[in-house]
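Where a number appears in this text, it was derived from the coordinates with a stated rule and is not lab data. Since the model is a prediction, treat every value here as computed from it, not as a measurement. When we count neighbours, we look across all protein chains shown, and the Cβ atoms used for this are built from the backbone with ideal geometry, even at glycine.
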Amino acid sequence: MLDNFNNHIENLKKHSHFRNIKNFSDKDEKYIFSANKKLINLSSNNYLGFADNKAITQEFLNTCDYDYSFGSASARLLTGTLPVYNELETLIANLFNKESALLFNSGYHANVGINSSLAGKGDVIFSDKLNHASIIDGMRLSEGKFFRYPHNNMDALEKLLMRERKNFNNAIIASESVFSMDGDIADLKKLVELKEKYNCILILDEAHAFGVFGQKGLGVSETLGIIEKVDLIVGTFGKAIGSMGAFAVGNKVIIDYLTNKARSFIFSTALPPINIAFTKWIIEKKLPSTYEKRMQMLKIGKNAGSDSHIIPIIIGENKETVDICEILYQNGFFTLPIRPPTVPEGTSRLRLSLTTEITEQEIQNAISLAKQTK
Ligand SMILES: Cc1ncc(COP(=O)(O)O)c(C=O)c1O
């Protein structure tokens, strides 16, 4: 029986698809230390440097006014919850000026739970073709039907809505704001227009934008002033916030529904209290003073040809992509090859992500090296 798995692995290796977890000895906000090498980390979602920052971790622990434990021991619906969980939910709801918020253990849990439960029998989800795997997995688990429209193609979405909307009860449009592997931004104004015209629920995943875009760091919906028009916003704490977990924020009916129906929330042990307290502390105490740095980072991204802090360099073939990463590695840059199924076949790439620590010169050097090698 193991032969089948082994054949599969050999096949992955043959096509430069095989993945293994790279080990490093240490890392900080900017560098990865691996095999006696100090490499600039261009592969991180630690956009504001809050993760792996020993001084920040220590400052939090010093100011932490309660001995939060490192385990919650159960799901929240099973044994209740410490005040800090509700405090974080209230903080999120207030920041977005929405009625209610719900914490999830990760963005993956959030998207799987939301998309599988909100679309029931007779309902439909319209999803951008490049939406994250967690949205796709949520749709697959849903009892509703789903359609994937070509990436950011609003004409195609409208055609689909014209043809299909009338055949279903509830309809959901699901999109990321900043696309995780392409760094481009959804046409949010048009999405709002279409969701209003065709009476849909708009779910926006701001995983890579929360903590980066907007005066308060709430995401692209804040930048565009359309938070109130989006029915449900999802954000993660594992990226710019440097912690772990995620939230969904919207009106009370939807949040109550998710609390009762989202299985990834109901049937999983909650994150540890210490983690929830850290997330709350970062959002309250650290995020507000990052505006200038965030704007500078986005400017560097723009100068590098991206709409955001994520800069894709599309190579095409797997092997070539792996080889270019290796050359970057030899020259002091850490980035891992992004291959299918994370991205569509034939579009393997480097996904260079900026942090507020990375300078314009450093990213430009990495880009020219990658391009000249290509
Ligand atoms: C758009 C998007 N949504 C959700 C997730 C999952 O978030 P998490 O890492 O918190 O599970 C990711 C992770 O990369 C993502 O890119």
message = Taking the Cα centroid of region 253-332 and of region 50-99, what is the distance between the two, rounded to the nearest whole Å?
response = 19
ask   = What's the local net charge at Gly122, with K and R +1, D and E -1, over the other residues with C-beta under 14 Å away?
value = +1
Percent RCO, i.e. relative contact order, over region 36-179, from Cα pairs under 8 Å lying at least 6 residues apart = 19
message = Just the number: Rg to Rh for region 241-374, Cα atoms, Kirkwood Rh, two decimals.
response = 1.08
query = Beyond 28 Å, what percent of the Cα pairs of region 67-287 remain?
reply = 24
Per-selection Rg to Rh, the chain - Cα, Kirkwood hydrodynamic radius = 0.96
query = Hey, what did the chain get for relative contact order, percent, Cα under 8 Å, at least 6 apart?
reply = 22
request  = Could you tell me which GluC sites (Glu not before Pro) in region 273-374 are loop residues by DSSP with no more than 11 other beta carbons within 10 angstrom of their beta carbon?
outcome  = Glu345
